[in-house]
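Okay, so here's the structure we're looking at.
Rule-based calculations on the coordinates, nothing more; no lab input. Treat the numbers as computed from the prediction; the structure is a model and nothing was measured. Neighbour counts are summed over all protein chains in view; Cβ atoms, including those assigned to glycine, are modelled from backbone coordinates with ideal geometry.
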Amino acid sequence: MEISSIGVVGAGQMGNGIAHVCALAGYDVVMTDISADALSNAVSLIERNIARQVGRGKVTEAEMAGAMARIRTTTTLAEVGQSDLIIEAATERETVKQAIFEDLLPHIKPTTILTSNTSSISITRLASRTDRPEKFMGFHFMNPVPVMQLVELIRGIATDEETFAACKAVVDRLGKTAATAEDFPAFIVNRILMPMINEAVYTLYEGVGNVTSIDMAMKLGTNHPMGPLELADFIGLDTCLAIMNVLHDGLADTKYRPCPLLTKYVEAGWLGRKTQRGFYDYRGDGDPVPTR
Ligand code: CAA
């Protein structure tokens, strides 16, 4: 099945990046969100991010104009129903995602493939609440979407081969690389990344190092582009905690228990960059200041 149009549900950090790369690859994109402000902010951000790529000679002015013209936005969820492929990138809460798929069902074509950009929720369970578990799978982008090479493709227990092949072809056309993961809690990337971040928070909690020394140790000691605490702020501490809880509940192993300090930061509303404060304080004009 050939995909030519893509519906993106959610105009947040992930949704806008997904719309960006799909439009640049030549797909007609319709992006929806309950907030009109979120949609207009997302379009401005996409424009700024593609302009940055033009500035670096990676995209031409004509490609940018074409991509921007291919992105349509709407606050009416039903309007994404006519897309060949729908990528849900809403808040990482199962009840929210389930409600979106339930609301979409009356408006989609019989051939529409449904996917979720979830970073950890069971694809099989989300699929089971729809009328087409065989045409449902996980389509997990990494942040920042325009820069990161990987997409995790996750088959639910019922996903058919045709659906997988159609999604794999989209990843190829985006110029990205697919890693196939089985549908177990947090798949591959977050199964490995989140325990590392959680352990970095334990290292801070137990006073083995401070924010600066932990991040510097991992950047210079293991050549990671960002330290684990800086990366946690970038991802969002609420998202990190939610994924640790999925691992803890889903695998029932105490090695995945979320660090109490991570919980404390989330309770404080210090969620990282998006709230201007997390393991670093981003509110000043200069470099971010460590909070511990
Ligand atoms: N759109 C387009 N281009 C962008 C961009 C965006 N949003 N953000 C950065 N870029 C481009 C820059 O233009 C630059 O391009 P060139 O290589 O052509 O120069 C390049 O990316 C590097 O950007 P910067 O020079 O501004 O910054 P940097 O060198 O510090 O790199 C980074 C920034 C790419 C984010 C790097 O720090 C990095 O790779 N960090 C780790 C990111 C990571 O691990 N992501 C995965 C998170 S886990 C996840 O997403 C899964 C989940 O479910 C939680």
Under unit Cβ charges (Lys, Arg +1; Asp, Glu -1), what dipole magnitude, rounded to 20 debye, does the chain have relative to its Cα centre? 440
Could you work out the helix-only [θ] at 222 nm for the chain, with each DSSP H run of four or more residues adding -39,500 (n - 2.57) and the total divided by the number of residues, to the nearest 500 deg cm²/dmol? -14000 deg cm²/dmol
Can you give the FRET efficiency to the nearest 0.05 for ASP37 and GLN276, using r as the Cβ-Cβ distance and R₀ = 25 Å? 0.85
Using the Karplus curve 6.51 cos²θ - 1.76 cosθ + 1.60 with θ = phi - 60°, what ³J(HN,Hα) values do you get for each residue of segment 282-292, in whole Hz, with x for Gly and Pro? 9, 6, x, 7, x, 5, x, 9, x, 8, 8
Can you flag which of LYS176/LYS274; LYS58/LYS264; LYS97/LYS264; LYS135/LYS274; LYS109/LYS176; LYS58/LYS219 are past 31 Å Cα-Cα? LYS58/LYS264; LYS135/LYS274
What distance in nm separates the simple spin-label points at MET216 and ASP253, each placed 7 Å from Cα in the Cβ direction? 3.4
Rel. contact order, % - alpha carbon contacts under 8 angstrom, at least six apart, segment 1-114: 34
Between PHE234 and SER44, what's the calculated FRET efficiency when r is the beta-carbon distance and R0 is 25 Å? Round to 0.05. 0.75
Placing +1 on each Lys and Arg Cβ and -1 on each Asp and Glu Cβ in the chain, then taking the dipole about the Cα centre, the residue among MET244, GLN13, ASN198 whose Cα reaches farthest towards the positive end is ASN198
With a ≥ b ≥ c from the Cα gyration tensor eigenvalues, square-rooted, and the rule rounded for a/c under 1.5, otherwise prolate when a/b > b/c and oblate otherwise, segment 93-235 is prolate
Exposure proxy check on MET64, MET196, MET137: fewest-to-most Cβ neighbours within 10 Å is MET196, MET64, MET137
Amide H neighbours of ILE113 under 5 Å, at least 5 residues apart or on other chains, H built in the peptide plane: list them. LEU85, ILE86
What's the center-to-center distance, using Cα atoms, between segment 224-278 and segment 43-77 in Å? 31
Gain on full stretching of the segment that runs from ARG125 to GLU102 - 0.36 nm per residue minus C-alpha separation: 7.0 nm
Ascending count of other beta-carbon atoms within 10 Å, so fewest first, for SER4, SER40, SER119: SER4, SER40, SER119
Under 14 Å from a label point 7 Å along Cα→Cβ of ALA78: give me every residue in segment 109-145 with its amide N that close. 109
